[in-house]
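Each value in this text was obtained by applying a stated rule to the coordinates, not by laboratory testing. Nothing here was measured: the structure is a model prediction, and the numbers come from that model. Here the Cβ positions follow ideal geometry from the backbone for every residue, glycine too, while neighbour counts run over all protein chains shown.
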Amino acid sequence: MIPVTETIAIDESEIQEEFIRASGPGGQNVNKVSTAVQLRFDVGKSPSIPVDVRERLFRLAGKRITGDGILIIDARRFRTQERNRADALNRLVSLIRRAAEMPKPRRRTRPSQTAQVRRIEVKRKRAKTKRLRQPVFPIDG
């Protein structure tokens, strides 16, 4: 079990890892060794994640979630498989932790009366400035 929060833990069997060749630094090693990790986690069918956290995770992950509800994380930052595996797992855990945080409810606020008056005064001054810039046409009579 991989601990995420006090209440959420993910079973290792829910995570699939696939090793792929990474681009970038590494010399000839890049062409021979598959060091990059593609981690797959089925968010839609995971029994470890509560429903509310799952919904927030879908919103947070964005393009990283497929239409089937599978979260894909690519880790190719390091030159070794072990470090890329750890990086991918850390990124998954941090994403789930962010989704597990309850969003703070928004309290509706209104601008103060002073702020409203100040806003109207600024608008009035701006309108006057623009009005003064307009050409004055003589009245034919």
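The modelled label-to-label distance between residue 34 and residue 7, using points 7 Å beyond Cα along the C-beta direction, is 3.8 nm. Just checking the listed ones, 108, 97, 119: in the Gaussian network model of the chain with Cα springs under 10 Å, the one fluctuating most is 119. Put +1 on the Cβ of each Lys and Arg and -1 on the Cβ of each Asp and Glu in the chain; which of 37, 99, 49 then has its Cα farthest toward the positive end of the dipole? Highest projection toward the positive end goes to 99. In this Cβ point-charge picture (+1 for Lys and Arg, -1 for Asp and Glu), the chain has a dipole of about 1860 debye about its Cα centre. Inter-label distance, residue 42 to residue 20: 2.0 nm, where each label sits 7 Å from its Cα along the C-beta direction. Quick note on the chain: its Rg to Rh ratio, both from C-alpha atoms and Rh being the Kirkwood radius, is 1.40. Amide H contacts for residue 42 (H built 1.01 Å from N in the peptide plane; partners 5 or more residues away or on another chain; cut-off under 5 Å): 71.
Set the Förster distance to 35 Å, then compute FRET efficiency between residue 64 and residue 107 from the Cβ-Cβ distance, nearest 0.05.
0.65
For the chain, the longest principal axis of the Cα atoms and the long axis of helix 113-133 meet at an angle of about 60 degrees. Under 27 Å between alpha carbons, and skipping anything fewer than 8 positions from residue 63 in its own chain: which lysines qualify? Candidates past the 8-residue exclusion: 45, 104. In plain terms, the chain from residue 79 to residue 123 could stretch by 10.0 nm, reckoned as 0.36 nm per residue minus the Cα-Cα distance.
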